[in-house]
Structure formats: C-alpha cells, structure tokens
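Take a look at the structure below.
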Amino acid sequence: EIELTGNYRDDHLPVFYWPSTLEGLNDSWRYDDEKAVVGRKDGLDDGLKYRVLTIHPLPSITQLADAGELLENDRNNLPTQVTLRPRNVPDQVQSTVESVTNGTDSPYLKAKALNDYFTGGQFRYSTSTVLGSSGDALVDFLEKKQGYCEQYAAAMAVMLRLLGIPSRVVLGYTTGDRQPDGTRVITTADAHAWVEAYFSGVGWTYFDPTPLGDGRTVAP
C-alpha cells in the first residue's frame, strides 16, 4: 500500500517490481508492460493512495549460475534496444571488461564480476565527477573512479552489452527508512539508479554497482 505525500509531483507512480495488479487508480493511468511503469500524461497532486500486488522473483544462485548464453527465443522476445552491442566503444573499455571477467564461465558470474569491480573498494560515490582528458566520458569515469549512481548504472549496462548480456538502466528509489509501525518513508533523497541484466530461463535480475557508503546500496 502506497500513499503519496509531501507535494509529490510526477507523471509516473512508484511501484514495486514486478507489478501484477494495481488497485485504487482511475482509468487515466496506463501500465507499460515492457518498462514495468505506470504513468499518465498529466502529473498528480499528493494524497493519492493505491495498492500494488507484485511478483518478486527470487532466483537462486544456482539458477543464475546455470543460466547459459542468450537463447534465440529470448532475443526475439526482448526489445532490440536492450540487446544491441555498443558500437565504437574505446579499446580501454573492452579491455577492462575482459580483464574484470577473466576466468568466469557464465553470463551471471560475468555480471557479478562487473558489479564487484565497482563495489569492491576501488570506486567512490560522489555527486560530482572528476574531469578527464581522454575525450570519452566512459573512459574518464573508469580512470577517475568517481561518480554518481546514473554513471555507475550506465557504465555497467554498456559493459554488460559488450559481453552479449541484455541490460537496462532502472530509475527508482531505495528502501527508505523503516518506521516503528512497520511502514517505510521514502523521499527524493532515496532516488537511485541501478542496472538489470537478463538471463535465459531467469529473466531480469538487478545489480547495484554504486558504492554507496551509507548502507543504501541494495545487494544483488
């Protein structure tokens, strides 16, 4: 059950992944199954209350590790934009991907290696970036090892696609602060970006490559 307060202004509603049923909304709202978002043309005022019934996939580590290369049926059912390999990516990015994932033998373990690369202590979270001189924003980010959540999510998404793993960047919120009555208060300070990778036989699985030091990073 979700209640919007504090002058909420947006044309999309916060929902839990993956929503199966939404109750308490009128017909002006539309659900986009491909993106798993609920929105409408006009924004809304706070005070709206609604209920979300959600599917929460919890694949085991064994299921994830056993997922093989992307099947043709999966590729045909996924949006083209999440499966395209990036073009004209600098050699330094490709070599970093190869170095980080060397020795891994499944798509999931490759994705986990990338996530661990960003969260393992080399990189630092900051709302400001350090300017580089390579002429490429992704190369500068990998060299300077400092940035904010959108950069971490986008960088990992590009690197996943270089490995042939479908990926997408997700915008949403972390879990906020738990209250004594069991509810949670989530504010704009909890806004966050992470990345999802698609594995055959499993589906979309989230990773959070941002090395937040305040405990807000949600472990995959």
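The values are calculated or read from the model by the stated rules, or taken from the named source; none is laboratory data. Computed from a predicted structure; not experimentally measured. Cβ: placed from backbone, ideal geometry, glycine included. Neighbour counts: every protein chain shown. Heavy atoms of the whole protein, side chains included, go into the accessibility calculation; ligands, DNA and RNA do not. Shrake-Rupley method; radii C 1.70, N 1.55, O 1.52, S 1.80 Å.
Details
- Taken residue by residue, region 206-219 has at least one member that is assigned to a strand (DSSP E or B) and under 30 Å from TYR8 (Cβ atoms).
- Only residues that are open to solvent by less than 20 Å² (accessible area, probe 1.4 Å) and within 15 Å of TYR17 (Cα to Cα) were counted in region 173-204, giving 7.
- Residues of region 59-75 satisfying the condition of being open to solvent by 100 Å² or more (accessible area, probe 1.4 Å), part of a helix (DSSP H, G or I) and among the charged types (D, E, K, R): ASP66, GLU72
- Residue count for region 29-46, restricted to those that are open to solvent by 50 Å² or more (accessible area, probe 1.4 Å) and part of a loop (DSSP other than H, G, I, E, B): 8.
- Members of region 138-159 found to be within 18 Å of the chain's Cα centre (by Cα), open to solvent by 60 Å² or more (accessible area, probe 1.4 Å) and not hydroxyl-bearing (Ser, Thr, Tyr), listed by number: GLU150
- Taking residues in region 31-51 that are closer than 30 Å to ASN77 by Cβ and modelled with pLDDT of 80 or more, and partners anywhere that are assigned to a loop (DSSP other than H, G, I, E, B) and of a type in the set (A, V, I, L, M), the pairs with Cβ atoms closer than 6 Å and at least 6 places apart or on different chains are VAL38/VAL15; TYR50/LEU25.
- Filter result (touching a residue at least 24 places away in the same chain (Cβ under 8 Å), farther than 18 Å from ASP140 by Cα and surrounded by 14 or more Cβ atoms within 10 Å (Cβ to Cβ)) within region 76-109: LEU78, VAL82, THR83, THR101, SER106, PRO107, TYR108, LEU109
- Counted residues, region 12-28 - those being in a loop (DSSP other than H, G, I, E, B) and either hydrophobic (A, V, I, L, M, F, W, C) or loosely packed, with under 11 Cβ neighbours inside 10 Å (or both): 7
- Condition check for TYR108: of a type in the set (Phe, Trp, Tyr) and more than 30 Å from ALA189 (Cα to Cα): yes
- None of GLY182, GLY172, GLY135 is of a type outside the set (Val, Ile, Thr), within 17 Å of the chain's Cα centre (by Cα) and over 14 Å from PRO107 (Cβ atoms) except GLY172.
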